[in-house]
């Protein structure tokens, strides 16, 4: 992306008309520092190569917390941790096979939080649907004893992912309510590489907990072809996953205190944890790199905005959101002093804009980025998510292939610069984004 | 591809000037039958979906032989098997980890024929090279005790693959001669999907047999970055593979007897076996489909060429070439009556031309397709390989992702039509391709 284009993007987020004179010069300095020093990619490399997978409560998670604390301190900041109690879920062995009408291996991976199958697995005929709505239209006696397969391909990018994410997160309980014995979802991914994509899933309190896994796109296609050919496909699924007692992890926090209104907070956040399959490079070492580089650049350039810039590297975004929940609870009295929350959790691509959720007069109401910050919504904090090029993001998202090579250091530096400029502008702006309106009360 | 383009490609292979008048009409009929009935993709689907992996000597291999025999008989042909004694190699458990300077999982897969490691694995420092030549320039005392990593990315297509294949097939013995304890090769693949690509490997008789595996491209990159950062990387490799006693498999053969010179043979071949990781769709269910559909089309259209068209579905191409060797031995007296051998082993893509190896006056001398037929060269049989679009072939070649969805039925039908037209033309042509010259004797 051309330098001018980045600076043009920067024009967007300033909510007030009172744009300080020195804005453009500051933006140039930030951009120069981000591109020349490549700090975001360096941080991301340290986290993904040097620590690797870091699912909540794992040794990698603990190492990531120590690393972040060390690196932020090395920037000359007072970094601290805030304790978060996190779930501990361990994947274990996992496998699946078609056992009739042919014998074929299936490539599967358990969804985060799934219960295990018995050691010999669960065997059942597959009932294939393309949506939760379709499933709801099927009589329970046709679902009972079946393994439900949610099979719909997604379009590239966040829009495609968001449209189908419910099949993964809510599908298992929807299927269980109708008597299904296990739930499979076609991987929410966009690459033909027989890659299974894991991800979060939530059991409803009113449904039996059945084992839930993602299946590679190729294998969902195979099941579909065999169903078309033979009318029935029988599958055995074995998951050895396990939920252990909760463990202690932490949000890592560091601040640049504001020069005029230090009590007002611009929060910039990313998540430190990752799934266990890859090394969590695009999700979310890239975002951690962006947030940490924002602090590094402003600190090294001596840029002190009006308000306090608070970086929060959240624990347990992937399988529980306990880090964000804990932050929202612990800091509830302070939330009215959060003027905006910015999030970097959209990969290693070039910046393409911002998703802004604010009150009337806010720029736009986009919901593509649905990560940590919904939990801050209770405090009605305006939210700004960094949008990045995402055409390939879901090729690798939540898979073993989420590794550092997927990050283009130059693109990430541009995103870091853009993010830092916006953060600075929001912390500097005499005005603030209007707060979102409270959610409408449901009709009685 | 446009119909006219396929018919234009057909103009190429006819070696003699005496092109029969009816040629163009025949080509049109073959093309129509291939496109309308999609037989090649149907055969490929049956083999890859219905049987799946079929490494020599495995239950899948035996099922594939039975299937081919049944399907060819169903076409009204007298199909037969010729016994081939094949090696039996079983993959077993396989894993690898970086153990220093960080802990990271590596995605690996054993190369076909590799010996196992001890149960606790082999641990050693990595010595990275980018070619066999570079390795040869290193003193043995720097290689002794090391795990050699051959790390060079390949360009897309067969040309890129051929240029680097030696690292996989000969690298392990080259490393062992200098005292290495194990050999890793960067996957010979072109997709960033953390996919390990297996493949054949041959131990030299004068070198110790050391375990040999392919590592995903991402993991080769990680090792390279860590070497650059820390100077040393220590890896533990565990392979549980095993070579069992030889087993019996078979080449499957069926013919369309020639109308004038039945004793002269145009051989059309593909290989029935596959690697164990995927379902062998592009390698080589697609080629099997092309060869079988050639017989189906000519038979159903009542097209009987001058010479005999003999289809051979070879056993054990992937890890031993015993099917081709056995054929060359058994049929040695007949080889002078083989006027040409055509091969389909280049995936499911559209046809783009032919690789022709023949004597002076033959069309071109291309060596991109180096599959079964070198073994027929002793009999100096002219060889013609089908060239297909290959920009993505090495995305999936020899991986778990080699599955039926990678085949575009329309593209494969075009390739089958092209192959069938060329086979018919060569069997019909009153003249023949000149035979290749005997290989030059090495200088004394």
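The values are calculated or read from the model by the stated rules, or taken from the named source; none is laboratory data. Everything numeric here is computed off the predicted structure, so don't read it as measured data. When we count neighbours, we look across all protein chains shown, and the Cβ atoms used for this are built from the backbone with ideal geometry, even at glycine.
Which ones in segment A:45-64 are within 12 Å of chain B (Cβ to nearest Cβ), assigned to a helix (DSSP H, G or I) and either under 16 Å from residue B:222 (Cβ atoms) or in contact (Cβ under 8 Å) with a residue 12 or more places away in the chain (or both)?
A:45, A:46, A:47, A:48, A:49, A:50, A:60, A:63
Modelled with pLDDT of 95 or more, out of contact with any strand residue (DSSP E or B) (no Cβ under 7 Å at 6 or more places or on another chain) and away from chain A (no Cβ under 14 Å), is that true of residue B:71? Break it down into steps so the answer makes sense when it comes.
Details: modelled with pLDDT of 95 or more: yes; out of contact with any strand residue (DSSP E or B) (no Cβ under 7 Å at 6 or more places or on another chain): yes; away from chain A (no Cβ under 14 Å): yes.
Taking the combined requirement at face value, the residue satisfies it.
When segment B:74-97 is examined, which residues are found to be outside any strand (DSSP E or B) and either under 27 Å from residue B:244 (Cβ atoms) or within 12 Å of chain A (Cβ to nearest Cβ) (or both)?
We begin by selecting, within segment B:74-97, every residue outside any strand (DSSP E or B); these are B:74-79, B:91-93.
Selection gives B:91, B:92, B:93.
Mind checking whether some residue in segment A:108-123 is under 19 Å from residue A:55 (Cβ atoms), crowded, with 17+ Cβ neighbours inside 10 Å, in contact with a helix residue (DSSP H, G or I) (Cβ under 7 Å, 6 or more places away or on another chain) and at pLDDT 95 or above?
Within segment A:108-123 (the criterion being under 19 Å from residue A:55 (Cβ atoms), crowded, with 17+ Cβ neighbours inside 10 Å, in contact with a helix residue (DSSP H, G or I) (Cβ under 7 Å, 6 or more places away or on another chain) and at pLDDT 95 or above), the answer is yes, since at least one residue qualifies.
Looking only at segment A:74-106, count how many residues are within 20 Å of residue B:59 (Cβ to Cβ) and surrounded by fewer than 21 Cβ atoms within 10 Å (Cβ to Cβ).
Counting residues in segment A:74-106 that are within 20 Å of residue B:59 (Cβ to Cβ) and surrounded by fewer than 21 Cβ atoms within 10 Å (Cβ to Cβ) gives 8.
With (1) over 21 Å from residue B:346 (Cα atoms); (2) out of contact with any helix residue (DSSP H, G or I) (no Cβ under 8 Å at 6 or more places or on another chain) as the list, and residue B:136 as the residue in question, which single condition is left unmet?
(2)
Just to be sure, is residue B:34 surrounded by fewer than 23 Cβ atoms within 10 Å (Cβ to Cβ) and assigned to a helix (DSSP H, G or I)? Break it down into steps so the answer makes sense when it comes.
Details: surrounded by fewer than 23 Cβ atoms within 10 Å (Cβ to Cβ): no; assigned to a helix (DSSP H, G or I): yes.
Here the answer is no, as residue B:34 does not meet what is asked.
Give the residues of segment A:393-412 that are more than 13 Å from chain B (Cβ to nearest Cβ) and under 11 Å from residue A:44 (Cα atoms), sorted by residue number.
If the condition is that a residue be more than 13 Å from chain B (Cβ to nearest Cβ) and under 11 Å from residue A:44 (Cα atoms), then A:412 is the only one that fits.
Tell me which of these residue A:278 doesn't satisfy, since it passes every other one: (1) touching a residue at least 60 places away in the same chain (Cβ under 8 Å); (2) away from chain B (no Cβ under 14 Å); (3) outside any helix (DSSP H, G or I).
(2)
Considering only strands (runs of 3 or more DSSP E) fully contained in segment B:337-444, which possess at least 1 residues that are modelled with pLDDT under 85 and crowded, with 21+ Cβ neighbours inside 10 Å? Reasoning before the result, please.
Details: elements: B:338-343, B:351-357, B:383-388.
Those strands (runs of 3 or more DSSP E) span B:351-357, B:383-388.
Restricting to strands (runs of 3 or more DSSP E) lying wholly in segment B:143-237: which have 1 or more residues that are surrounded by 16 or more Cβ atoms within 10 Å (Cβ to Cβ), within 24 Å of the chain's Cα centre (by Cα) and within 14 Å of chain A (Cβ to nearest Cβ)? Full working, then the answer.
On the way: elements: B:147-150, B:182-186, B:212-215.
Of the strands (runs of 3 or more DSSP E) lying wholly inside segment B:143-237, those with at least 1 residues that are surrounded by 16 or more Cβ atoms within 10 Å (Cβ to Cβ), within 24 Å of the chain's Cα centre (by Cα) and within 14 Å of chain A (Cβ to nearest Cβ) span B:182-186, B:212-215.
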